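Scroll down for the structure; my scribbles are underneath it.
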Amino acid sequence: MSRIVIDIKGLVSGYRNGKNSAFFYPAFNSVALAGELIAIVGRNGVGKSTLLRTLAQLQPPLEGTVSINGSDISNYTTAEYARLVSFIPSEPAHASHTSVYEFVCMARYPYRGWFESLSNEDHHIVSRAIDSVGMMKFRSRYIDNLSDGERQRVMIAFAIAQDTPIILMDEPTAFLDLPNKFEVMRLLREQAMLGKTVIISTHDLQTAFGLVDTIWLMLANGLKVGAPEDIMLTGTLNSLMENTPVYFDLKSGQFVYRHHTKRLASVVGGALYVKKWTSHALRRMGFDVDLSGDPNAEVYVQIQETEGKVQWIAGKGDRNPTFDSIRNLCLYLRGELKGL
Amino acid sequence: MIALVVLSFIDLSTGSVSIPFPDLLNFVIGKNLSDPVNQNILLNFRVPKMVSAWLAGAALSVSGLQMQTVFRNPLAGPYVLGISSGASLGVALVLMGASAFGVSFLAGEFGIVLAALTGAFLVLMLILAVSVRIRDIMTILILGMMFGTAVSAVTGLLQYFGSEASLKSFVIWTMGSLGGVGRDKLWLYALMVITGLVLAWVYVRPLNVLGVGDSYARTLGFNVKRIRFFVFLSTSILAGTATAFNGPIAFIGIAVPHLVRLAFRTSNHAILLPASAIVGASVLLLCDIIAQLPGSALVLPLNSIASLMGIPVVIYIVIRNKRVSG
């Protein structure tokens, strides 16, 4: 087992409002290992950002302790801590007339004295960091003129240049398109492979579950830790969606919106993947789907494949309406049946 | 830099008494002039005026730059913290309070400077006390503006009850003037501005990071509250001193940092800060030259000229920002 880098014991993080009212989240214990890529997952307001900000020492823990490399975080000076932990907040850095290069250079300040200018080595590190996220040709662009995807890569370059064994990022994949989400996660994974501990918060379950080592699932009653697959298999994921119409369907591996109509549709014939996506469409329309040809089904869909062409037939007989796309099938059903 | 030298020279040459060009050259290279009147005018009036234009221009521009960075607000200026309101209240108290209570010895030149400094520093204390307790920069901005407005309201009350003569002196003070600083007080003025500028220079690197965001500054190991404390201290010394000696001079402090940013296209304060000081000094000299209306004996109020020159810059910035964000 890898070395323990962050050790959290009985941590309560949160905000104190005034003297009396305290607003915090349940105490928990956890560890983060060297080379581990961790995603903190949880509902809005459950305290993901607060936890990250506590780990970044932007706010003090209300109770409990956090130790890094065996020493309590309060024992480090702010300068030492800046060489140990980099934190990229979710609000983007804004500064007019600041180039990507100038911005990433700031990440080297913790290594230099008050008046000491950056060394050649610092400039090498900055260039390498920018290069490693593929932003070399943007190095002279102003950070205010970047797209969300480009900016997030620059942020990762910033964390790389700060050269800390721990990288914390608050919602690095928010507002990104799918390829950029995967790219950001790939870059973070690369950092973890170098032995760094990377902890991010995210709402993007699909990307997170596909690419991280460990999920810290923050629930109202505490923290659940496990590999993404553990979280799915034990059904823990569904406690995330408690009291909501959404649930995680273990068989399809998808999040499903629970409809109130209890109507049954039966799908027969065709290749497995065509059946899967036809069922997907019917579920979307509010049906429960049966694949065994249940005679009580309200709707009966046959899939026929002839010469590589797929057709959908609504009804049991031969002289039933036939469709060449799922969209047309759906439009027909919506016209025929009430309450869809 | 060249502009500063040229403008300084032109500034020396302009005024209600015209001085022949050879005399001016001789004076600059340190020779005594044949005409003692001209020598006297240059040495005792125009040189102090030129130097106080340098000092006020540099002080206000640097402090405006600091405020725009710390508050991350393009329309912040040296006066957002209410420094000039504090100075105004001090001056109003001396000018109008003195006439009301019959104590006139305070209302001299030095009394006004002292009163303005006291007023500015009292507001500064309030701001510093707030800045070590409150983390959110927007709250500090709002409090600063509220202090300023409250202090101005008190000044308004004083004006309402003040005598006509004292009211006029006060209004003239608010119009700004570079000529009021005699050679005897110039060293004090210079010393304070240089102190403020040195303090500003010490905080160049933190200012760069603060401009990007407070969280970044803190995770890079900077103590944001301490940085703010000293930046506010520096700003207050600069803006407070300039206001005390020259009256509140509008818009230089807001417009010059923008001019510099546009010209140098960087946010590195190691460049912006000295550039603001030099450009600020030059711009104020230019304002002063225009205010003297070369070729005439008339002198216009400096503040009006500074505003008329500064406002187009601010309008340009607002419109340009709009275009960028839209």
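Per-structure values
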read-out	value
Under Karplus coefficients 6.51, -1.76 and 1.60, residue-wise ³J(HN,Hα) of the stretch B:200-212 in Hz, glycine/proline x	4, 5, 4, 9, 4, 5, x, 4, 4, 6, 4, x, 7
Cβ-Cβ FRET estimate between A:Trp277 and A:Ala174, R0 fixed at 22 Å, reported to 0.05	0.15
Rounded Å value of the spacing that divides the Cα centres of the stretch B:248-264 and the stretch A:237-297	64
Rounded tilt (10° steps) of B:269-291 against the dominant C-alpha axis of chain B	40
Intensity falloff of the protein assembly as shown expressed as log10 I(q)/I(0), Debye formula with alpha-carbon point scatterers, at q = 0.08, 0.10 Å⁻¹	-0.76, -0.99
Most mobile of A:Ser67, A:Ser239, A:Ser119 in a GNM of chain A (Cα contacts under 10 Å)	A:Ser119
Distant-in-sequence amide H partners of A:Tyr25 (H built 1.01 Å from N, under 5 Å)	A:Ser13
³J(HN,Hα) computed for each position of the stretch A:125-131 - Karplus, 6.51 cos²θ - 1.76 cosθ + 1.60, integer Hz, glycine/proline x	4, 4, 4, 4, 4, 5, 5
Taking the C-alpha atoms of the stretch A:141-289, convex hull volume expressed per residue in Å³	163
Coordinate range along principal axes, alpha carbons of the stretch A:61-187, Å, largest first	41, 37, 25
DSSP beta bridge pairing in the protein assembly as shown, given as percent antiparallel to the nearest 5	55
Prolate/oblate/rounded call for the stretch A:263-336, Cα gyration tensor, a/c under 1.5 rounded	rounded
Alpha-carbon spread of the stretch A:2-138, three principal axes, descending order, Å	48, 35, 31
Inter-part distance where the stretch A:65-104 and the stretch B:33-85 are each reduced to a Cα centre, Å	38
Gyration tensor verdict on chain B (Cα atoms; rounded if a/c is under 1.5, prolate if a/b is larger than b/c, oblate otherwise)	oblate
For chain A, alpha-carbon Rg over 2.2 N^0.38 Å	1.27
For A:Gly195, distant residues with modelled amide H under 5 Å away	A:Gly35
Within 10 Å of each Cβ in B:206-213, the average number of Cβ atoms from other chains	5
Karplus-derived 3J(HN,Hα), 6.51/-1.76/1.60, for each residue of the stretch B:62-71, Hz, glycine and proline x	5, 5, x, 4, 4, 5, 4, 6, 5, 8
Kirkwood-type radius of the stretch A:92-163, with distances r between different C-alpha atoms, in Å	12.0
Listed residues B:Ala291, B:Ala116, B:Ala153, most fluctuating in chain B (Gaussian network, C-alpha, under 10 Å)	B:Ala153
For the stretch B:107-189: rounded, prolate or oblate by the Cα gyration tensor [a/c cutoff 1.5]	oblate
Between helix B:83-92 and chain B: long-axis angle, C-alpha atoms, 0 to 90°, nearest 10	50
For the stretch B:141-202, radius of gyration divided by Kirkwood radius, i.e. Rg to Rh on alpha-carbons	1.11
For the stretch B:203-326: span of alpha carbons on each principal axis (Å, largest first)	58, 38, 20
Loop sites in the stretch A:56-114: trypsin sites (Lys or Arg not before Pro), DSSP, at most 15 other Cβ within 10 Å	A:Arg112
Long-range amide H partners of A:Ile88 with built H, under 5 Å	A:Leu168, A:Met169, A:Asp170
Angle between chain B longest axis and helix B:302-325 axis [Cα atoms, degrees, rounded to 10]	30
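We did not get these values from a lab; they are worked out from the coordinates using the rules stated. Keep in mind that what you see is a predicted model, and the values were worked out from it rather than measured. As a convention, Cβ positions derive from the backbone with ideal geometry for all residues, glycine included, and neighbour counts pool all protein chains shown.
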